[in-house]
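Participant: Sharing a structure below in structure tokens format, with a few things to ask.
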Amino acid sequence: DTSDNGMKPNRITTAEGKVYELVPTATKGEQTGKVVAGETKEVTYVYKEVTGDVVVHYVDKEGNTIAADKDDLKGASLSEKYDTAVDNKPEKITAEDGTVYYITKAGLKDGSKPETGNVVEGKTDVTYVYEKAGSVIVNYQTEDGTPLVGTADGKDVASGAKDTDNGKPGSEYNTADNGLKPNRITTAEGKVYELVPASTKGDETGTVESGQTKEVTYVYKEVKGNVVVKYEDTEGNTLAEDEKDETDASLNAKYDTADHKKDEITKDGVKYYLTAKELKDGSKPATGDVVEGTTTVTYVYEKAGQVVVNYQTEDGTPLVGVDAAGANVASGAKDTVDGRPGSDYNTADNDMKPTRITTAEGKVYELVPTATKGDETGKVVA
């Protein structure tokens, strides 16, 4: 009886550490019987290797499966070593629904088998735990909460900009250091908005949090400009109060000071006319685009000119009397009063050049054309 004398072990371990288990139904030969003279009977016990599997599972912090199991080892000898971290421990997993997960700091689920060890009989379950990724987005708005869309440094700017998209929980972020915090934004209409740092909402810096989308909102104030109109004489003296053409206007808006351009100004009884050149050297144009700050448009004026007519005798004595029509004639007669510089005058064509003058004493004086002094015709001079 070969089964009762220690010659039928249930398991055999090889020098390499492999373990084999008896397969009773596969035994060859008669385990019991009679010894026969001159014969050597053989009984052969057949063994099958005992193996083990190592299976890796992937779950979220609630224990839900997020990816298919992986076979780290299948049918491995019990003497083998396993290490699931080599090939079956991904840092990041994207689930079928698109959700992104990162392995937790602890890595293994409570109660999981170690990620390295010896293969044992049966199945060794190693379970890794993952947590949802987190995101950080940046929004842009005006002071009244209106979403702001435009460009900055040639790049499009709009709310929902992703600073961190599906980031690893616990990793650091900083929305100020990746081009998502422009100092100025220009809209499609040309309006310009400037960052108001003190009004920023949310944490510009911090750590990504699992399953959360953090929001940082930058607040902007519109940059505006003014247009002021000044009035000066040719010496730079102010002739009238400044006038506001545009106040707190959007940048790139059009301005036109034509409605503030006075043709003439009277100051302290003196009349001034707008010069032909109109604008002072160095003045901003009369029309243009509003820019940041104050745009000053300066109109320049020149004093009106006068033309007077005098009458005298050949010896230079002033002559006073009446003309042929009985109209009074005396030196200082005004041909042009407060005339526009550059306009034409002609003292001979408005009854100021009588051929004869009769004095109160009855003396009669006749014009000596060749003795006339000054220009009878010409241009009024400022």
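Nothing in this text is a laboratory measurement; each read-out follows from the coordinates by a stated rule. Model, not experiment: these values are computed from the prediction. Using ideal geometry, Cβ is built from the backbone for each residue, glycine included, and neighbour counts are taken over all protein chains shown.
Participant: For a quick check of your reading of the filter: which GluC sites (Glu not before Pro) in the range 1-51 sit in a DSSP loop and have no more than 11 other Cβ atoms within 10 Å?
Facilitator: Hits after loop and neighbour filter: GLU16, GLU39, GLU42.
Participant: Now, a different point. Using a Gaussian network model of the chain with C-alpha springs under 10 Å, which one of LEU274, LEU319, LEU73 is most mobile by mean-square fluctuation?
Facilitator: LEU319
Participant: While we're on this one: Starting from the amide H of LEU148, placed 1.01 Å from N in the peptide plane, find each other amide H under 5 Å away whose residue is 5 or more places distant or on another chain.
Facilitator: When sequence neighbours closer than 5 places are left aside, the close amide H contacts are TYR140, GLN141, THR142, SER159.
Participant: To continue, here is another question. Restricting to DSSP loop positions (anything but H, G, I, E, B) with no more than 14 other Cβ atoms inside 10 Å of their own Cβ, which GluC sites (Glu not before Pro) remain in the range 155-203?
Facilitator: Listed in order of number, the matching sites are GLU189.
Participant: Along each of its three principal axes, how wide is the spread of alpha-carbon positions in the range 188-324, in whole angstrom units, largest first?
Facilitator: 112, 24, 21
Participant: How much length, in nm to one decimal, is gained on full extension between THR94 and THR14, taken as 0.36 nm per residue of separation minus their Cα-Cα distance? Could you put the intermediate results ahead of the total?
Facilitator: Working: separation 80, 0.36 × 80 = 28.80 nm, distance 4.37 nm.
Length gained, THR94 through THR14: 24.4 nm.
Participant: Using the Cα gyration tensor of the range 1-159, with a ≥ b ≥ c the square roots of its eigenvalues, what is the shape: rounded (a/c below 1.5), prolate (a/b larger than b/c) or oblate (neither)? Write out the running numbers ahead of the final one.
Facilitator: Working: a/c = 5.58, a/b = 5.36, b/c = 1.04.
Verdict is prolate for the range 1-159.
Participant: Only residues of the range 315-351 count here: report those whose backbone N is under 19 Å from the spot 7 Å along Cα→Cβ of VAL381, or say none.
Facilitator: Label zone hits: 332-348.
Participant: Ok, one more. Debye calculation, C-alpha points only, no solvent: report log10 I(q)/I(0) for the range 149-233 at q = 0.10 Å⁻¹, in the same order as the q values.
Facilitator: Here the Debye-derived log intensity ratios amount to -0.35.
Participant: Name the residue, out of GLY339, GLY321, GLY225, whose mean-square fluctuation peaks in a Gaussian network model built on the chain with Cα pairs under 10 Å.
Facilitator: GLY321
Participant: Beyond 33 Å, how much of the Cα-Cα pair distribution for the chain remains, as a whole percent?
Facilitator: I get 70 percent for the Cα pairs in the chain exceeding 33 Å.
Participant: Net charge near GLY170: determine it from the other residues with C-beta under 10 Å of the C-beta of GLY170, scoring Lys and Arg +1 and Asp and Glu -1. List each step's numbers first, then the result.
Facilitator: Details: positive: LYS105, LYS168; negative: GLU131, GLU172, GLU209.
Here the charged neighbours net out to -1.
Participant: Of LYS105/LYS162; LYS70/LYS168; LYS261/LYS353; LYS262/LYS353, which ones are farther than 32 Å apart at the Cα?
Facilitator: LYS261/LYS353; LYS262/LYS353
Participant: When the chain is treated as a GNM, springs tying every alpha-carbon pair under 10 Å, which of ALA158, ALA85, ALA133 comes out with the largest mean-square fluctuation?
Facilitator: It is ALA85.
Participant: For the range 288-356, which GluC sites (Glu not before Pro) pass both filters: DSSP loop (anything but H, G, I, E, B) and at most 15 other C-beta atoms within 10 Å?
Facilitator: Here the GluC sites (Glu not before Pro) that fit, given the DSSP loop and packing criteria, are GLU292, GLU314.
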